[in-house]
1. Collect the residues in the stretch 233-250 that are within 26 Å of the chain's Cα centre (by Cα) and in a strand (DSSP E or B), keeping them in residue-number order.
2. I'd like to know if the stretch 295-316 contains one or more residues that are open to solvent by 70 Å² or more (accessible area, probe 1.4 Å), part of a helix (DSSP H, G or I), touching a helix residue (DSSP H, G or I) at 6+ places or on another chain (Cβ under 6 Å) and in contact (Cβ under 8 Å) with a residue 24 or more places away in the chain.
3. Search the stretch 141-165 for residues being closer than 17 Å to residue 227 by Cα and touching a helix residue (DSSP H, G or I) at 6+ places or on another chain (Cβ under 7 Å), and hand back the single one that is most open to solvent (accessible area, probe 1.4 Å).
4. Can you give me the number of residues within the stretch 83-95 that are touching a Gly at 6+ places or on another chain (Cβ under 6 Å) and surrounded by 23 or more Cβ atoms within 10 Å (Cβ to Cβ)?
5. Residue by residue through the stretch 244-258, note down the ones that are closer than 29 Å to residue 368 by Cβ and open to solvent by less than 10 Å² (accessible area, probe 1.4 Å).
6. Is it the case that residue 320 is surrounded by 15 or more Cβ atoms within 10 Å (Cβ to Cβ), under 23 Å from residue 266 (Cβ atoms) and of a type in the set (Gly, Ala, Ser)?
7. Any residue in the stretch 53-72 that is at pLDDT 95 or above, open to solvent by less than 70 Å² (accessible area, probe 1.4 Å), in contact with a helix residue (DSSP H, G or I) (Cβ under 9 Å, 6 or more places away or on another chain) and over 30 Å from residue 117 (Cα atoms)?
8. Taking the stretch 150-173 as the search range and keeping residues that are at pLDDT 95 or above and under 24 Å from residue 116 (Cβ atoms), which one is farthest from the chain's Cα centre (by Cα)?
Amino acid sequence: MSTPTPPLTDDLADARGTDYFFIREQLSDAQLDALRRVRAVVDDEVLPVIAGYWERAEMPWSLIRRIGELGIVGEDIEGYGCPGLDPIACGLVHMELNRGDGSLGTFLGVHAGLAMKSIAMLGSEEQKQDWLPGMARLEKLGAFALTEPNHGSDSVALETTARRDGGEWVLDGAKRWIGNGSIADVIVVWARSDGDGQVKGFLVEKDTPGFEATTMEGKGASRAIWQADIRLDDARVPEAARLPGAERFKDAGRVLITTRTTCAWGALGHAVAAYDAALTYSKQRQQFGKPLCSFQIVQDRLVKMLAEVTGMQLYCMQLARLEETGRLSDTIAGLAKLNNTRKARQVIAEARDLLGGNGVLLENHVIRHMGDIEVIHTYEGTETMQTLIVGRDITGVGAFA
């Protein structure tokens, strides 16, 4: 006789807290506290209204303000009003936000994971003091401008230039798909110096002459956050706006490594949301005189979805442990991002199908996650690029230029 699974006994003991392998028991009180705070806002404030924002392609400013009140912005940055969360707590925060909505997850990933981390890792003490406290309270918003119209995966070949002119730098070029780009107070712009030919980072404020950001339209995913096309036409910034720790493209890569772990956690959040929707629907929906969950094929599909979600959880926990011990590499982060986004797409597709025609209605949430997972699947390095990078690592042979 099999031993029944012991019941969970607290506010995480529901389908949204899917934890078949009892990973939750490994979490500290501080990690659980971060999870609960974000979960409460997601359940009580995000899920009841987010579909409308998504459908209207409207920024949910009231929800963004609430995120700023939770004491989570700034992730693992120490000091400057930032929370100094450990890697697991950071991951849980991103998992929960993406369980609620991919746009909110992307907003925080860009603002804190890219813009704030660039300043914290590569900025001067003065730059940190000037920007990080306000950004931690979401009084000042940040963006990260690396991707260009002609350079997505091949970002190292960026064409935006930085020319030294006395005590100033003159920036010229274009950026595309820049999250928060049209609303940010400060944009971390990556450009190639005409002096040494190396890629450098600059803090460009929104009212800088020669800087123009236009919100992109027509997206079918992450519709509740705005991406921008950016033009830099003789945009001048002082030497004090250059990030002193950003001297080459690899410095930008150091920031991107941490955000690939965020992608893995975010993909897990999307998968958990879809699995929960499918499980709940299958228990409530009556067909042929019985609930859907009573049919063998439905149970088979639900169990396979749960297996994928549980595997993603284990990936994320090990990522966090490696980060804590300083053993996280770009290839490990890339493999986790590749795995979790691929598995999340599969889980969400199964959920969409199990809901039948109702699966395409925003009120049931799944179709929104189906669109939004495509964004995580693409940014911070596509699955194809992560495959080739990891492939080079395990074989010693590069399969791309």
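The values are calculated or read from the model by the stated rules, or taken from the named source; none is laboratory data. No experiment lies behind these values; they were computed from the predicted model shown. Please note: Cβ atoms are built from the backbone with ideal geometry, for glycine as well, and neighbour counts cover all protein chains shown. Please note that ligands, DNA and RNA were not included when accessible areas were found on the heavy atoms of the full protein model with its side chains. Shrake-Rupley method; radii C 1.70, N 1.55, O 1.52, S 1.80 Å.
1. Result: 242, single match.
2. Within the stretch 295-316, one or more residues are open to solvent by 70 Å² or more (accessible area, probe 1.4 Å), part of a helix (DSSP H, G or I), touching a helix residue (DSSP H, G or I) at 6+ places or on another chain (Cβ under 6 Å) and in contact (Cβ under 8 Å) with a residue 24 or more places away in the chain.
3. Among those that are closer than 17 Å to residue 227 by Cα and touching a helix residue (DSSP H, G or I) at 6+ places or on another chain (Cβ under 7 Å), it is 147.
4. 2
5. Listed by number, the list holds a single entry, 255.
6. On the way: surrounded by 15 or more Cβ atoms within 10 Å (Cβ to Cβ): yes; under 23 Å from residue 266 (Cβ atoms): yes; of a type in the set (Gly, Ala, Ser): yes.
Yes; evaluated as a whole, the condition is true for this residue.
7. no
8. Top of the filtered list is 169.
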